[in-house]
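Structure record follows, encoded as C-alpha cells.
The values are calculated or read from the model by the stated rules, or taken from the named source; none is laboratory data. What you see is a predicted model; the values in this text were computed from it and never measured. Here the Cβ positions follow ideal geometry from the backbone for every residue, glycine too, while neighbour counts run over all protein chains shown. Ligands, DNA and RNA are excluded from the accessible area calculation, which covers all protein heavy atoms including side chains. Shrake-Rupley method; radii C 1.70, N 1.55, O 1.52, S 1.80 Å.
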Amino acid sequence: MYLEDYQPGSVFSLDPVSVLRADVIDFGTRYDPQPFHVDPDAAEHGPFGGLIASGWQTCALTMRALVAGYFSPLSSLGSPGIDEIRWSAPVRPGDVLSVKVTVLESRRSNSKPDRGIIRSRVETVNQSGVPVLSMTALNLIRARP
C-alpha cells in the first residue's frame, strides 16, 4: 500500500494479538518493573487485583499488529509522533487484543512530493470488546512511484 491507498474514512481491522503471562512479566521486568506488572503475588493485593500488562507493552503489541496488517514494508517511512495515547482498561494475561484503524487524514508533502503523512485513529479492544488503548498516530508513507 502507498499513500494513495490510505483514504480518509477507510477502516482496517487487524489480526488479533494474544497476551501471554510470561511476556507480561518479562516486559515489565525489563521496562516497567512495577509490582502489578512483575509480581503475581503482590499484584493480587494491588490496585488491579491481579497481574496486568504495562501500558507500554499494550502499545508495543498494538504496534506489532499495525506493522503486520496496516503498514507496508514498501512504503512505511516511520512516524513523527503519536497524539492522545489513552490506556482505558487494564490488559491481563490471557487477553486477546484486536486493533481497528481508521484513516482520518492523508495528504502529500509539499516539500517532499514522493511521500505524505497519514493521521490514523487506532483503537485496541480486548476479547470482550472493552477498549484498552486509543491513540492518534502520524505516519510518513511513500507515494506510489
*Roughly how much of T29 is accessible, in Å² to the nearest 10, using a 1.4 Å probe?*
80 Å²
*Show that you can apply the helix-only estimate: for the chain, add -39,500 (n - 2.57) for every DSSP H stretch of four or more residues, divide by all residues, and state [θ] at 222 nm to the nearest 500.*
-6500 deg cm²/dmol
*With every protein chain present, what accessible area does E84 have (1.4 Å probe, heavy atoms only), rounded to the nearest 10 Å²?*
110 Å²
*For the chain, give the magnitude of the charge dipole about the Cα centre (Cβ charges: +1 Lys/Arg, -1 Asp/Glu; no others), in debye to the nearest 20.*
700 debye
*Please tell me the relative contact order of the range 74-145 in percent, rounded to the nearest whole number, where contacts are Cα pairs under 8 Å and at least six residues apart.*
43 percent
*Considering Cα pairs under 8 angstrom that are at least six residues apart, work out the relative contact order of the chain and quote it in whole percent.*
32 percent
*R86 paired with R21, simple spin-label distance in nm, labels 7 Å along Cα-to-beta-carbon*: 3.2 nm
